[in-house]
Amino acid sequence: MSQNIFITGIAGFIGFHLAKALVKQGHRVLGCDNFNEYYPTELKSSRAKILKTLGVTVINHDIRNISGLKKTFQKRSIDTMYHLAAQPGVRYSLKYPKAYMINNIDGFFEVLEFARQMQSFKLIYASSSSVYGQNKKIPFSESDPVDHPVSLYAATKKTNELLAYSYHHLYNISAIGLRFFTVYGPFGRPDMAYYSFTKAILEGKEIEVFNNGKMSRDFTYIDDIVDGLVACLDLDVGYEIINLGNNKPEKLSHLIELLEKHLGKKASLVMKPMQKGDVYETYADISKAKKLLNFEPKISLDQGLKRFTTWYLENYS
Ligand SMILES: NC(=O)c1ccc[n+]([C@@H]2O[C@H](COP(=O)([O-])OP(=O)(O)OC[C@H]3O[C@@H](n4cnc5c(N)ncnc54)[C@H](O)[C@@H]3O)[C@@H](O)[C@H]2O)c1
């Protein structure tokens with residue numbers, strides 16, 4: 001059934017792809033973004049421009065004042081809110097911790113308060129694989145302990161899950177938290193390794209490779225993540241936390257080899273030690289997502305990077 005859907009962080013990487021997919025399925029979509037300068041705003045504006053051509057309303061608005069959109073929510077009778085707006089990035093949190101408190105804690109609190117006041121929409125929000133920290137047991141399962149976040153970013157995402165539970169328990173808010181595992185693809189985030197490595201390889205610049213490229217990530221293609229997000233529309237639960245990952249970790253050194261293959265150019269590597277706040281491996285147990293959302297990742301890292309590099313070359317060459 002067609003729904004009225006609101007997306008926070010709609011001009012962001014995941015928000016943009018989600019909005020496109022929802023419109024395609026016949027839903028009415030609007031959303032907000034504050035177009036902050038964490039990475040070039042031109043990319044966010046170009047995503048918003050494309051969304052507008054598809055009939056999506058994009059409002060320049062900060063989630064810390066989400067209650068200011070009360071009339072919009074009432075007029076459009078919003079059924080579902082996807083809350084994706086946040087300050088992402090693990091390394092940036094070493095330099096700018098306040099950005100995480102403001103956007104991920106204060107912002108999330110305002111979203112929950114708004115949900116409590118409205119009592120009208122289901123909340124689906126972005127958590128992160130980073131909550132698993134340096135857990136040794138793999139793959140990471142939702143039932144594993146996540147009490148040792150090794151970055152401030154991870155601590156804010158875990159806090160979101162706890163706050164959502166309290167609001168669910170106290171005020172009956174429906175809240176589904178999705179732990180995304182390293183999402184990549186066209187229109188992606190320039191701060192992420194696959195994107196910045198592509199830029200550096202093409203420009204003939206050096207790439208800093210941490211921990212000798214021995215770190216592994218469960219790289220998950222954006223379309224697979226979007227499938228999981230969309231499937232949540234039909235999931236009728238009060239509170240749930242679900243991993244969305246590829247269930248196939250790959251070494252950073254392999255990511256670089258694949259980029260070299262698709263770009264037809266060798267990378268110049270500078271080996272660096274492990275960075276504070278980073279984790280050695282991420283690996284999602286997706287059995288819960290399979291069961292609840294029929295989630296089945298389809299795109300391999302090779303195929304996904306082919307699509308990404310094709311997009312990159314078309315847009316930046
Ligand atoms: N991309 C990944 O690999 C990944 C992995 C795990 C979790 N996540 C989470 O998924 C969500 C979306 O990530 P993304 O990769 O699309 O990031 P993104 O930075 O591209 O998108 C987030 C958007 O939110 C907006 N925003 C930030 N603070 C805001 C505020 N206070 N008010 C309004 N808008 C604000 C930003 O301008 C940005 O456009 C985030 O919550 C992120 O933490 C992403």
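General remarks:
- Pair list, Cβ < 7 Å and 6+ apart or interchain, from region 107-133 residues that are over 20 Å from L235 (Cα atoms) to residues that are charged (D, E, K, R) and away from the ligand (no atom under 14 Å from the Cβ): Y132/D144
- Annotation for region 55-67: at least one member residue is over 23 Å from L112 (Cβ atoms), modelled with pLDDT of 95 or more, outside any loop (DSSP other than H, G, I, E, B) and not hydrophobic (A, V, I, L, M, F, W, C).
- Being of a type outside the set (S, T, N, Q), out of contact with any helix residue (DSSP H, G or I) (no Cβ under 7 Å at 6 or more places or on another chain), within 16 Å of the ligand (Cβ to nearest atom) and closer than 21 Å to P88 by Cα holds for only one residue in M215, M192, and it is M192.
- Residue check for K288: of a type outside the set (S, T, Y), touching a strand residue (DSSP E or B) at 6+ places or on another chain (Cβ under 9 Å) and assigned to a helix (DSSP H, G or I): yes
- When region 1-38 is filtered for residues that are at pLDDT 95 or above, more than 16 Å from the ligand (Cβ to nearest atom) and among the hydrophobic types (A, V, I, L, M, F, W, C), only V23 remains.
- Residue check for I242: away from the ligand (no atom under 16 Å from the Cβ), closer than 28 Å to T80 by Cβ and in contact with a strand residue (DSSP E or B) (Cβ under 8 Å, 6 or more places away or on another chain): no
- Unmet requirement for I102, which otherwise passes all of (1) aliphatic (A, V, I, L, M); (2) within 13 Å of the ligand (Cβ to nearest atom); (3) in contact with a Ser or Thr (Cβ under 8 Å, 6 or more places away or on another chain); (4) at pLDDT 95 or above: (3)
- Counted residues, region 206-237 - those being outside any strand (DSSP E or B) and within 24 Å of E37 (Cα to Cα): 1
- Out of K75, K136, sole residue that is within 16 Å of L30 (Cα to Cα) and basic (K, R): K75
- Residue ID - surrounded by the most Cβ atoms within 10 Å (Cβ to Cβ), chosen from residues in region 76-99 that are within 11 Å of the ligand (Cβ to nearest atom) and assigned to a strand (DSSP E or B): Y82
- Leading residue by the ranking (farthest from the ligand (Cβ to nearest atom)) among those in region 105-135 that are of a type in the set (G, A, S) and surrounded by 16 or more Cβ atoms within 10 Å (Cβ to Cβ): A115
- Residues that are crowded, with 21+ Cβ neighbours inside 10 Å, closer than 20 Å to P88 by Cβ and not aromatic (F, W, Y), drawn from region 13-43: I14, G15, H17, L18, A19, G31, C32, D33
- Residue in region 274-296 that is surrounded by the fewest Cβ atoms within 10 Å (Cβ to Cβ), counting only those that are at pLDDT 95 or above and touching a Phe, Trp or Tyr at 6+ places or on another chain (Cβ under 7 Å): D285
The values are calculated or read from the model by the stated rules, or taken from the named source; none is laboratory data. The structure displayed is predicted, hence computed values, not measured ones. Here the Cβ is made from the backbone with ideal geometry for all residues, glycine too, and neighbour counts use every protein chain on show.
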